[in-house]
1. Specify which of the listed residues (Leu135, Leu110, Leu101) is farther than 30 Å from Pro159 by Cα and surrounded by fewer than 21 Cβ atoms within 10 Å (Cβ to Cβ).
2. Pick from region 307-325 the residues that are over 11 Å from Ile269 (Cα atoms) and of a type outside the set (Ser, Thr, Tyr): which of them is modelled with the lowest pLDDT?
3. Among the listed residues Ile255, Ile238, identify the single one that is within 28 Å of Tyr103 (Cα to Cα) and open to solvent by less than 10 Å² (accessible area, probe 1.4 Å).
4. Looking for something at pLDDT below 95, within 21 Å of the chain's Cα centre (by Cα) and more than 17 Å from Asn222 (Cα to Cα) - is there at least one such residue anywhere in region 103-111?
5. For region 179-237, give me each residue that is in contact with a Lys or Arg (Cβ under 8 Å, 6 or more places away or on another chain) and among the basic types (Lys, Arg).
6. Within region 253-274, can you find the residues that are out of contact with any Gly (no Cβ under 7 Å at 6 or more places or on another chain), among the aliphatic types (A, V, I, L, M) and not in a helix (DSSP H, G or I)?
7. Can you tell which of Ala38, Ala51 is assigned to a helix (DSSP H, G or I), open to solvent by less than 80 Å² (accessible area, probe 1.4 Å), on the phi < 0 side of the Ramachandran plot and at pLDDT 55 or above?
8. Applying the selection to region 254-270, what residues are more than 10 Å from the chain's Cα centre (by Cα) and more than 13 Å from Val289 (Cα to Cα)?
Amino acid sequence: MSTEVQIRRARPGEPLGDRGRNILGWASKNAVYVALVALFIFNLIATRGFASTFTLQNLLFSAAPLILIAVGQTLAIGTGGIDLSVGSVMAFSSATIALYLGYGESATLLIALAAAAAIGFVNGSLIAFARINPLITGLGLLVAVRGLAQAVSGGSRSPIPSGGLFTWIGNASFLGIPVVALFAFAATAAFIVLVRRTTFGRYALFAGSNRSAAFLAGTPRNSTLIGVYVISATLAGIAGVMVSARIGASDPSFIGINFELTAIAAVVIGGTPLAGGRMSILGAASAAVFLQLIDTTFVMQGINPAFSQVLKAVLIVVALYMQRSRKDAR
């Protein structure tokens, strides 16, 4: 055995064996779950005050919007695209709340989600029919939608009257678990089924693996892409409503800032390749909780939260390296 090892070490360019491929494959698939559990246990042991209902509820309240954004972003990246407009869509749905509160809270909620879906329809149509690169449309909408949200609201923070539907969304819990977190978990489960069990999910994966082949095969590529971006924007709209309800105000200048980048980080760390063709909904949702847990850890440990951004950047690089290593090992 030792002779075999020496021979292999003498050939650094030799492809990995089955064991190496298995280790890389397992690590790239499950690293986010292991890291999430390890960090949670670390906080239980080493972070004073972490093991409290208040802290855990705040963690879930904060993670729920990011989970929804990450799930939508997974769909977009899985088709070989990207949705950079989600943070601005959150701001726009928040601004819509301030504009239409006079029509009743239920009607305002529906209008906010419809407005978000309309932005997704525009984004998807530009990608599907005009064949504009998703990165370009996303960058354009990132700026335009944020500006529109600030323009229609005057750029100011508007309080939401307490005691109604939005107060319930921002504070309600069931068996100690925030309702928004339960909704985010249910949405994650629903989209896992959508991707794995439905024709729409298979079309989305096919479009991500080879758009030209998907078109030649007669699959409804354009409607699939539009559907994906409408879903992504609608989930972003729901996330905007959650954040507005939590802080008790509409604030298009604050809500959604950097959410698109954090969501992309969650998708990459969760195991979905940026090249598309594969989606890990559960991985992205778990990574979203993991990233939020990192922020909580830094705050509760008294470490400058700015350093958490550095750590997230390192994790993204590591995740991309592991994806590349796994691809090379095939």
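1. Numbers: Leu110 fails: farther than 30 Å from Pro159 by Cα; Leu101 fails: farther than 30 Å from Pro159 by Cα.
Step by step, each of Leu135, Leu110, Leu101 is checked, and only Leu135 is farther than 30 Å from Pro159 by Cα and surrounded by fewer than 21 Cβ atoms within 10 Å (Cβ to Cβ).
2. To start, the set of residues in region 307-325 that are over 11 Å from Ile269 (Cα atoms) comprises 307-311, 324-325.
If we keep only those that are of a type outside the set (Ser, Thr, Tyr) too, we end up with 307, 309-311, 324.
Details: Phe307: 88, Gln309: 83, Val310: 88, Leu311: 87, Arg324: 69.
Here the residue is Arg324.
3. Working: Ile238 fails: open to solvent by less than 10 Å² (accessible area, probe 1.4 Å).
Being within 28 Å of Tyr103 (Cα to Cα) and open to solvent by less than 10 Å² (accessible area, probe 1.4 Å) holds for just one of Ile255, Ile238, which is Ile255.
4. no
5. Matches in region 179-237: Arg211, Arg221.
6. Keep residues of region 253-274 that are out of contact with any Gly (no Cβ under 7 Å at 6 or more places or on another chain), which gives 254, 261-269, 273-274.
Restricting the remaining residues to those that are among the aliphatic types (A, V, I, L, M) gives 261, 263-269, 274.
The one that is out of contact with any Gly (no Cβ under 7 Å at 6 or more places or on another chain), among the aliphatic types (A, V, I, L, M) and not in a helix (DSSP H, G or I): Leu274.
7. Details: Ala51 fails: assigned to a helix (DSSP H, G or I).
Step by step, each of Ala38, Ala51 is checked, and only Ala38 is assigned to a helix (DSSP H, G or I), open to solvent by less than 80 Å² (accessible area, probe 1.4 Å), on the phi < 0 side of the Ramachandran plot and at pLDDT 55 or above.
8. First pass over region 254-270, keeping only residues more than 10 Å from the chain's Cα centre (by Cα): 254-258, 269.
Correct list: Phe254, Ile255, Gly256, Ile257, Asn258.
The values are calculated or read from the model by the stated rules, or taken from the named source; none is laboratory data. Treat the numbers as computed from the prediction; the structure is a model and nothing was measured. We place every Cβ from the backbone using ideal geometry, glycine too, and count neighbours over all the protein chains shown. Calculation scope for accessible area: heavy atoms of the full protein, side chains included, ligands and nucleic acids excluded. Shrake-Rupley method; radii C 1.70, N 1.55, O 1.52, S 1.80 Å.
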